[in-house]
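Working notes for the structure below.
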Amino acid sequence: MTTTELPLTPTTTTVRAACPHDCPDTCAMLVTVEDGRATAVTGDPDHPFTRGGLCVKVNNYQDKTYAPDRLLHPMRRTGPKGSGRFERISWDEALSEIAAQFKARIAEYGSETVMPVSYLGNQGILNGLSVGDGFFHRLGATVTERTYCDSGACTAYATTIGPTAGVDPESIVHSRYIILWATNTISTNLHLWPIIAEAQRNGAKVVCIDPMRHRTAQRADWHIPIRPGTDGALALAMMHVIINEGLTDDDYIARHTLGYDELVERVQQYSPEWAAQETGIPADDIRTLAREYATTHPSMIRIGVAVERHAGGGQTVRSIACLPALVGAWRHVGGGLLQLPLWAHPVNWPAFMLPELRKPGTRVVNQFLLGRALTGELALDPPITALMVYNSNPMVVCPEQDKVERGLQREDLFTVVSEHFLTDTAKYADIVLPATTALEQHDLMFSWGHFYVTLNTPAIEPLGEAVSNTELFRRLSRAMGFEDEVLYRSDEELLAQAYDWSAPAMQGITLESLRRTGWARLNLPSKDEYAPHREGNFPTPSGKVEFRSSILEAQGNFVLNLFRQLSDDHQPGGTVDPLPHYIPPREGGEVYPLNLLSPKSHAYLNSSAGDQPMQKRVQGEQTLTIHPQDAAERGIENGQYVCVRNDRGRFLALAKVSDEVAPGVVVCPLGTWPKNAKDGHTVAAVNPFAFADLGNAPTFSDTRVEVEPV
Ligand SMILES: Nc1nc2c(c(=O)[nH]1)N[C@H]1C(S)=C(S)[C@@H](COP(=O)(O)OP(=O)(O)OC[C@H]3O[C@@H](n4cnc5c(=O)[nH]c(N)nc54)[C@H](O)[C@@H]3O)O[C@H]1N2
Ligand SMILES: Nc1nc2c(c(=O)[nH]1)N[C@H]1C(S)=C(S)[C@@H](COP(=O)(O)OP(=O)(O)OC[C@H]3O[C@@H](n4cnc5c(=O)[nH]c(N)nc54)[C@H](O)[C@@H]3O)O[C@H]1N2
Ligand code: SF4
Ligand SMILES: [Mo]
């Protein structure tokens with residue numbers, strides 16, 4: 001050893017943490033802390049899912065925490081809205097101004113004039129989706145319905161097979177036929193890939209159903225390019241083939257399903273020839289897919305969020321969820337369907353959502369309507385005059401970007417934003433509040449991609465005057481003079497309430513044990529044994545797979561979101577045909593011919609990390625992938641700027657001319673910050689607010705545009 005290679009000093013420690021992001025992988029992190037400063041983050045090598053690696057979005061998380069442009073103090077706007085001019089103020093000043101503004105506006109208009117906007121910038125049980133719900137319920141604010149991600153799929157899935165964890169992702173090593181349906185695993189669910197790759201090495205066939213030949217599709221054994229929004233037609237035609245060719249598992253169907261005879265009758269109209277017209281997939285390929293899927297066991301389907309993102313997204317998921325029962329896939333370890341294994345996690349959501357504080361009948365506004373709510377295009381009485389944004393960046397993630405921006409520009413709107421950075425949303429705030437990162441706060445993480453619980457222990461003291469979201473809402477409650485004790489629970493108390501520790505899945509796991517180990521697998525059978533529906537036992541009203549859904553029949557359309565949070569007094573309603581059926585995409589190609597998709601960026605997590613130097617270098621500028629034929633017709637050359645437009649708005653992107661997409665399809669990833677885009681606009685500028693058929697899901701993939709050179 002030379003003298004410059006000093007041994008670790010006694011002040012160097014390793015702290016166990018968890019990636020805070022809205023990502024299925026929920027990685028277990030190890031944070032190196034030297035003299036009170038976090039100097040590195042790595043994946044825990046002992047964690048069976050993390051396997052020692054973080055992704056490009058997070059593997060320099062300490063740089064984000066210490067970034068020079070990090071927000072570290074409360075600030076008040078000094079220039080015109082959006083000018084980015086702010087002055088530093090104290091927390092006391094910030095809190096009294098917020099309380100005074102909220103109170104004055106409530107006195108004039110009533111409490112529903114205040115609207116919170118939040119989503120999953122942080123996924124922790126403490127600091128994530130439901131933090132703040134108690135505060136805003138107590139205030140009587142407008143309730144914002146949050147259906148950005150999978151609420152349509154959840155509604156469809158739960159009404160077909162029940163809220164079941166489905167296949168253990170680790171059991172996929174045993175699968176022999178793997179369908180990745182609308183998901184780019186290597187970019188969005190990276191740590192699942194080694195498991196799929198191991199199955200592939202062991203002889204499994206990997207099929208990717210996706211309009212784009214992305215990096216995952218390139219590694220698949222079979223890529224099936226499908227016309228966007230037509231997956232329901234494919235699933236129905238697969239059922240047609242499986243049933244009419246006698247490839248069904250009749251014993252499984254007889255014992256564990258409901259409505260089979262009606263399904264048989266229903267699918268007769270959905271022949272492969274018919275589906276070929278809709279999907280653009282040759283009828284023979286549809287037959288081959290159905291036959292291989294039905295006869296190669298264990299067969300499993302992993303669905304991504306994009307299957308819900310068009311007019312018929314709910315029925316698409318219903319149809320796909322019927323497939324495993326038809327062929328008896330659930331009999332096998334590694335067979336069945338994988339949507340969100342979060343259903344296995346007994347999180348104590350009511351302790352965080354605090355529905356008892358909500359005044360019955362309080363108005364509900366869906367977040368996709370934010371732009372319309374702020375501009376007055378959605379007639380609201382009272383109007384929204386105060387807005388508080390935390391855990392979300394609507395200028396990037398919300399459809400109808402132009403309206404959102406115009407709304408945020410309103411001089412009479414009082415806007416508070418809690419953030420890590422001055423995002424394109426925070427730039428419009430009257431008051432900006434600094435938030436801590438995962439390295440500076442306590443949390444406990446569930447996962448929507450595996451069966452592990454992970455504790456996040458703070459590695460360092462909060463930087464500057466940043467506070468966690470839990471502390472933020474304690475401070476706001478105090479400023480408003482609320483007396484409810486439940487609003488003042490400490491992080492320790494919240495951790496203790498985060499899970500239902502007495503649930504069978506939590507046996508052997510305690511906060512104390514997690515403090516030692518950092519993470520633990522839920523108390524469920526091992527990946528080599530887990531076949532939860534070998535004997536049926538589906539958590540539906542009948543205990544069976546409901547081809548004919550009793551819930552949809554009785555209830556019609558409703559919203560069941562990720563967290564079993566029912567928007568009880570704001571159900572979309574309307575009757576729903578209880579048997580699976582086909583609903584074509586809403587936006588036809590009459591005016592705007594090209595179907596635009598906006599999947600996730602490889603190097604950003606939604607908009608998070610979208611302004612970090614390393615991630616920006618990896619991701620590069622906002623691009624639009626377009627097929628050579630469509631490009632040639634429009635005189636577009638690779639590497640030039642193009643304008644993407646429809647009636648809702650427009651944005652500029654660098655053309656990437658490539659046959660990775662089929663003719664008629666163009667792709668621009670979500671996540672670029674408007675301020676880093678050529679003309680200050682991103683893909684949300686052209687996305688519609690319209691809902692899918694079930695669960696008020698978004699229809700991001702149901703977007704038509706025209707593209708021209710600039
Ligand atoms: N790198 C990265 N990882 C992430 C995220 C991120 O922003 N960046 N975000 C996280 C979050 S919040 C989520 S919800 C997940 C989402 O992860 P995924 O479910 O993988 O979602 P997307 O990337 O939106 O879309 C996946 C694929 O669906 C395809 N697609 C679009 N429309 C259709 C269609 O109509 N039919 C079919 N068959 N395919 C279609 C797109 O081409 C895309 O390749 O990723 C998580 N992980
Ligand atoms: N066109 C299109 N739109 C989409 C999608 C798409 O695929 N295409 N995907 C949709 C999906 S699946 C999702 S999940 C949503 C995601 O929507 P969001 O959840 O809004 O997305 P993020 O960009 O991850 O996070 C928002 C902000 O939260 C901040 N944040 C992180 N941690 C904290 C914290 O502890 N405290 C506070 N106060 N702030 C914090 C981050 O800095 C970030 O700016 O977007 C949806 N929008
Ligand atoms: S974003 Fe996902 S893959 Fe990346 S470190 Fe976090 S949990 Fe892991
Ligand atoms: Mo999401």
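The values are calculated or read from the model by the stated rules, or taken from the named source; none is laboratory data. Please read all numbers here as calculations on a predicted model, not as lab measurements. Reconstructed Cβ throughout: ideal geometry from the backbone, glycine too, with neighbour counts over all protein chains shown.
Summary of values
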{"item": "Among (1) at pLDDT below 95; (2) out of contact with any strand residue (DSSP E or B) (no Cβ under 9 Å at 6 or more places or on another chain); (3) within 16 Å of ligand 1 (Cβ to nearest atom), the one test that GLY589 misses", "result": "(2)"}
{"item": "Residues of region 591-633 that turn out to be more than 10 Å from ligand 2 (Cβ to nearest atom) and either in contact with a Cys (Cβ under 7 Å, 6 or more places away or on another chain) or under 24 Å from CYS19 (Cα atoms) (or both), as a count", "result": "14"}
{"item": "Filtered residues of region 196-211 (kept if touching an Asp or Glu at 6+ places or on another chain (Cβ under 6 Å) and either closer than 21 Å to LYS57 by Cβ or not β-branched (Val, Ile, Thr) (or both))", "result": "LYS205"}
{"item": "Unmet criterion (only one of (1) part of a helix (DSSP H, G or I); (2) at pLDDT 95 or above; (3) crowded, with 20+ Cβ neighbours inside 10 Å) for LEU342", "result": "(2)"}
{"item": "Filter pass, SER118 being within 27 Å of the chain's Cα centre (by Cα) and either within 19 Å of TYR428 (Cα to Cα) or within 16 Å of ligand 1 (Cβ to nearest atom) (or both)", "result": "yes"}
{"item": "Contacts under 8 angstrom Cβ, first residue in region 237-248 being in the same structural domain as PRO324 (by TED's automatic domain parsing), partner of a type in the set (Phe, Trp, Tyr), 6 or more apart", "result": "ALA237/TYR270; ALA237/TRP274; MET238/TYR293; MET239/TYR270; HIS240/TYR270; ILE242/TYR293"}
{"item": "Candidate set: region 482-534, residues that are among the aromatic types (Phe, Trp, Tyr) and in contact with a Ser or Thr (Cβ under 9 Å, 6 or more places away or on another chain); chosen: the one nearest to THR436 (Cα to Cα)", "result": "TYR488"}
{"item": "Selected residue [modelled with pLDDT of 95 or more, out of contact with any Gly (no Cβ under 6 Å at 6 or more places or on another chain), under 20 Å from SER701 (Cβ atoms) and more than 16 Å from ligand 4 (Cβ to nearest atom)] from ILE242, ILE253, ILE196, ILE226", "result": "ILE226"}
{"item": "Residues that are away from ligand 3 (no atom under 14 Å from the Cβ) and either outside the structural domain of ALA283 (by TED's automatic domain parsing) or touching a helix residue (DSSP H, G or I) at 6+ places or on another chain (Cβ under 7 Å) (or both), drawn from region 182-204", "result": "ALA182, ILE196, GLU198, ALA199"}
{"item": "Residue within region 517-527 that is more than 30 Å from VAL31 (Cβ to Cβ), buried (at least 19 other Cβ atoms within 10 Å of the Cβ) and in contact (Cβ under 8 Å) with a residue 40 or more places away in the chain present", "result": "no"}
{"item": "Unique match (being farther than 28 Å from PRO194 by Cα and either surrounded by fewer than 20 Cβ atoms within 10 Å (Cβ to Cβ) or at pLDDT 95 or above (or both)) among ARG146, ARG85", "result": "ARG85"}
{"item": "Per-region count, region 381-392, residues in a loop (DSSP other than H, G, I, E, B), touching a residue at least 40 places away in the same chain (Cβ under 8 Å) and either away from ligand 3 (no atom under 16 Å from the Cβ) or not assigned by TED's automatic domain parsing to the domain that holds ILE98 (or both)", "result": "5"}
{"item": "Any hit, region 67-82, residues being polar (S, T, N, Q) and closer than 23 Å to THR26 by Cβ", "result": "no"}
{"item": "Conditions (1) buried (at least 18 other Cβ atoms within 10 Å of the Cβ); (2) outside any loop (DSSP other than H, G, I, E, B); number of the one not met by PHE689", "result": "(2)"}
{"item": "Elements of type strands (runs of 3 or more DSSP E) contained in region 1-104, each with 2 or more residues being closer than 24 Å to LEU472 by Cβ and more than 16 Å from ligand 3 (Cβ to nearest atom)", "result": "75-77, 86-88"}
{"item": "Residue among ALA690, ALA609 that alone is out of contact with any Pro (no Cβ under 7 Å at 6 or more places or on another chain), on the phi > 0 side of the Ramachandran plot and not assigned by TED's automatic domain parsing to the domain that holds ASN391", "result": "ALA609"}
{"item": "Some residue of region 117-128 being among the hydrophobic types (A, V, I, L, M, F, W, C), part of a loop (DSSP other than H, G, I, E, B) and under 27 Å from ARG617 (Cβ atoms)", "result": "yes"}
{"item": "Filter result for PRO360 (surrounded by fewer than 20 Cβ atoms within 10 Å (Cβ to Cβ) and either touching a helix residue (DSSP H, G or I) at 6+ places or on another chain (Cβ under 7 Å) or not in a loop (DSSP other than H, G, I, E, B) (or both))", "result": "no"}
{"item": "Residues satisfying the stated conditions in region 129-153, i.e. of a type in the set (Ser, Thr, Tyr) and assigned to a strand (DSSP E or B)", "result": "THR144"}
